[in-house]
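Notes follow the structure.
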Amino acid sequence: MAEEQIQLWRAMITGPEGTPYSSGCFVFDILAPAEYPNVAPKVNLQTTGGGSVRFNPNLYNCGKVCLSLLGTWQGDDGESWHPKTSTLLQVLMSIQALILVPDPFFNEPGFERNRGTPEGDRQSRQYNETIREGTVRYAMISQLHSPPTELKEAIYTHFRLRRTAVLEQVRGWAAEKENSPRHAEAMKGLVKELEAALDKHVPE
């Protein structure tokens, strides 16, 4: 929270295991409007590689977060913001549970009906390859080299404690037999960059 402007907050969510976001550090800027908590906070994803990557159908490369709880996505009344019961923690947990998921391709409206079909699985895997590369490049390597000042200690602690697991995970991604040739080559280079960034900023 900004001490001089307490309506401005910054939060970080680490990607859940078993997803293409796993162990990445995703930073969100949050504004509590003057009417808060009678209205939902405004949330913007900062981890976009300077607007170069769209991490999810619900996360735009401009940083927009589509979530019914925020009023940026159409949902049932029970999923909307309620002044007396809704909280910022609920928003962050919803992003982690509903957006940072194993198969984000199917978050796109209408795509869910293709889940479990050969074509749907192929498209989902292709989508995940792009997300994995973005996670390693922008939610890991970039965060190590240029962490937000307010979250620097948390980010370095995260990678220091999970260093071995993170490297095993990313090397595993790079070695998967199903990888497209383009993805395999990209991941090979990203593994080397990640190893160098870890050695520089959180040495063993």
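Taken together, the values in this text are just the output of simple stated rules run on the coordinates, not laboratory data. What you see is a predicted model; the values in this text were computed from it and never measured. Every residue, glycine among them, receives a Cβ derived from its backbone with ideal geometry; neighbour counts consider all protein chains shown.
Rg and Dmax of the range 1-54, based on Cα coordinates, read 13.5, 39 Å.
As a calculated quantity, the FRET efficiency between Ala34 and Glu178 at R0 = 41 Å, using C-beta atoms, amounts to about 0.25. Counting only Cα atoms, the range 149-204 measures 38, 20, 17 Å along its principal axes, largest extent leading. Using a Förster distance of 22 angstrom, determine the FRET efficiency expected from the C-beta separation of Gln46 and His145, and round it to 0.05. So, using R0 = 22 Å, E works out to roughly 0.90. Here the range 83-97 and the range 136-154 have alpha carbon centers that stand 24 Å from each other. Rg/Rh for the range 78-191 stands at 1.04; both radii use Cα atoms, and Rh follows the Kirkwood definition. Each principal axis of the Cα atoms in the range 8-201 has its own extent, and those three values, largest first, are 48, 44, 25 angstrom. Between the listed residues Ile6, Phe106, Asn128, the Cα displaced farthest toward the positive end of the dipole of the range 1-143, a dipole computed from Cβ unit charges relative to the Cα centre, is found at Asn128. Taking label points 7 Å from Cα along the Cα-to-Cβ direction, Phe111 and Met1 give a separation of 3.7 nm. By the rule of a C-alpha distance below 12 Å, with chain neighbours fewer than 8 residues away ignored, the aspartates and glutamates paired with Lys188 are Glu133, Glu176. Take the Kirkwood radius over Cα pairs of the range 128-168, plug it into Stokes-Einstein at 25 °C and 0.890 mPa s, and you get 229 µm²/s for translational diffusion.
The dipole here belongs to the range 28-153: it is taken about the Cα centre, uses +1 on the Cβ of Lys and Arg and -1 on the Cβ of Asp and Glu, and is about 220 debye.
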